[in-house]
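Visitor: Below is the structure I would like to discuss, written out as structure tokens.
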Amino acid sequence: MQHASLVAFLSGTLAPNTFMEEIAGEVAEFYADLRETKHGFIAISDGPLFVMTRSAVRRFLTAVRDGQLSFDAAVYVADCIVASDDIEFEDEVTRDAVAFLEDDSSRFIEDRDELWTQEEVSKVLASLD
């Protein structure tokens, strides 16, 4: 994952569908590795410090809820956010909102099909207000 692309998406200067196109290949590789080894490999480039504000998390979750980012991409992006040394969270609410998406990696290892519902994502979005 390119730090600059992730930050551009989270900041609103890169459209969700363009971001999705940029990361599609690495998302596919991540899940192939995850299914084969039970450990997906995350790599995110270095960049300047970025603070995950409520508006950045809201942009991320809205793209997921509205289907602009696939669920696979959402989990991968959340994993990259958490793994980055150059991204900090504004507060616990923003950390918890990203963790909501990031914590779902196990469903791929366990080969479960359940996805978050729009209602669940909307509840997390509401917690940012």
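Quick note: the coordinates plus some simple rules give every number you see, no bench work behind them. Here the structure is a predicted model, which means the values were calculated and not measured. For neighbour counting, all protein chains shown are included, and Cβ atoms are generated from backbone atoms with ideal geometry for every residue, glycine included.
Visitor: List the trypsin sites (Lys or Arg not before Pro) in the range 1-79 that DSSP assigns to loop (not H, G, I, E or B) and whose Cβ has at most 13 other Cβ atoms within 10 Å. Which are they?
Guide: Within the range 1-79, the qualifying trypsin sites (Lys or Arg not before Pro) (loop, at most 13 other Cβ atoms within 10 Å) are Lys38.
Visitor: Something else: Would you compute, from DSSP H runs of 4+ residues alone, the mean residue ellipticity of the chain at 222 nm, taking -39500 (n - 2.57) per run and dividing by the full residue count, rounded to the nearest 500?
Guide: -19000 deg cm²/dmol, from helical runs alone.
Visitor: Please state the charge dipole magnitude for the range 3-126, taken about the Cα centre, from unit charges on C-beta atoms (+1 on K and R, -1 on D and E), reported in debye and rounded to the nearest 20.
Guide: Computed charge dipole of the range 3-126: roughly 380 debye.
Visitor: Among Thr18, Thr117, which comes first, then next, by fewest other beta-carbon atoms within 10 Å?
Guide: Thr117, Thr18
Visitor: Starting from the Kirkwood radius over alpha-carbon pairs of the range 3-126, derive D by Stokes-Einstein at 37 °C in a medium of 0.692 mPa s and give it in µm² s⁻¹.
Guide: 226
Visitor: How much FRET efficiency would the formula 1/(1 + (r/R0)^6) give for Glu21 and Glu88, where r is the Cβ-Cβ distance and R0 is 25 Å, rounded to 0.05?
Guide: 0.35
Visitor: Now for a different question. For the chain, what is the relative contact order in percent, using Cα pairs closer than 8 Å and at least 6 residues apart in sequence?
Guide: Relative contact order comes out at 28 percent.
Visitor: Something else now. Which cross-chain or sequence-distant (5 or more) residues have an amide H under 5 Å from the amide H of Phe50, H modelled 1.01 Å from N in plane?
Guide: Ile87, Glu88
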